[in-house]
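Report on the following structure.
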Amino acid sequence: MSFLTRKQLKGLGLKSYGENVQISDKVSIYSPETISIGNNVRIDDFCILSGKITLGNYIHISAYSALYGKMGIVMEDFTGLSPRCTVFSASDDFSGLYLISPMVPLEYSNVTGGLVTFKRFSHAGANTVILPCVTLNEGAVTGALSLVNKDLQAWGIHVGIPATYLKVRKNDLIKYLPL
């Protein structure tokens, strides 16, 4: 894996970025002027970042993940995405009353959605799909292949389609972090 140099990072035109930011040279970034990245962030190969995205500190976004932030995505400190996760902050109306595509005139489409928030220490397991207007509360995690369509309970492990609470997640380690 090859990461962008500091000079290349500057050339992306990001809204802001911190120290120790590692972005693969195989990442696709759209509307970089609306993307803020904190310190100690790594984004692996073949990821897509688009729209209003705010990444805190100590974040890892694994390969083949996509963040579609038309209505906003916020990932707080110590959060992450396992491989092939997709986060949507907006969705087309599939009822048949509207056309579906970013290429049709706005008056023929009905895009809705809202902010997706990852609170501190939350994480999405491999191939998780996260829909608009949800919060992964502090410490919430998903198992692989989960679909998140509602807020997830803090310090809970959630699995399935749709993701449902399975059991409590330990949080003993955070007391040792210098926060």
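The values are calculated or read from the model by the stated rules, or taken from the named source; none is laboratory data. Computed from a predicted model, the values in this text were never measured in an experiment. We place every Cβ from the backbone using ideal geometry, glycine too, and count neighbours over all the protein chains shown. The accessibility values were calculated without ligands, DNA or RNA, using every heavy atom of the protein model including side chains. Shrake-Rupley method; radii C 1.70, N 1.55, O 1.52, S 1.80 Å.
The table that follows gives values for the structure above.
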{"item": "The chain - percent of accessible surface contributed by carbon and sulfur, probe 1.4 Å", "result": "57 percent"}
{"item": "About the Cα centre, charge dipole magnitude for the range 89-170 (Lys/Arg +1, Asp/Glu -1 at Cβ), debye", "result": "600 debye"}
{"item": "Protection proxy ranking, peptides 130-137, 102-109, average beta carbon neighbours within 10 Å, highest first", "result": "130-137, 102-109"}
{"item": "Mean separation of Cα contacts under 8 Å (6+ apart) over length of the range 19-72, as relative contact order %", "result": "34 percent"}
{"item": "Centre separation in Å (Cα based) which lies between the range 146-178 and the range 13-71", "result": "23 Å"}
{"item": "Student exercise, the range 23-172 dipole from Lys, Arg, Asp, Glu Cβ charges, in Debye to nearest 20", "result": "400 debye"}
{"item": "Sites matching trypsin sites (Lys or Arg not before Pro) across the range 90-179 that sit in DSSP coil, with at most 15 neighbouring C-beta atoms within 10 Å", "result": "Lys150, Lys170"}
{"item": "Among Leu67, Met103, Ile174 - extreme Cα towards positive end, dipole of the range 22-179, charges at beta-carbon", "result": "Ile174"}
{"item": "From the coordinates shown, Kirkwood radius over Cα pairs in Å corresponds to which of (i) 18.9; (ii) 16.7; (iii) 21.5", "result": "(ii)"}
{"item": "Relative contact order %, the chain, counting alpha carbon pairs below 8 Å whose residues are six or more apart", "result": "12 percent"}
{"item": "Dipole axis of the range 26-179 (+1 Lys, Arg; -1 Asp, Glu on Cβ), positive-most option in Gly80, Thr112, Ser91", "result": "Gly80"}
{"item": "Packing rank of 49-61, 26-38, where each peptide gets the mean count of other beta carbons within 10 Å, highest leading", "result": "49-61, 26-38"}
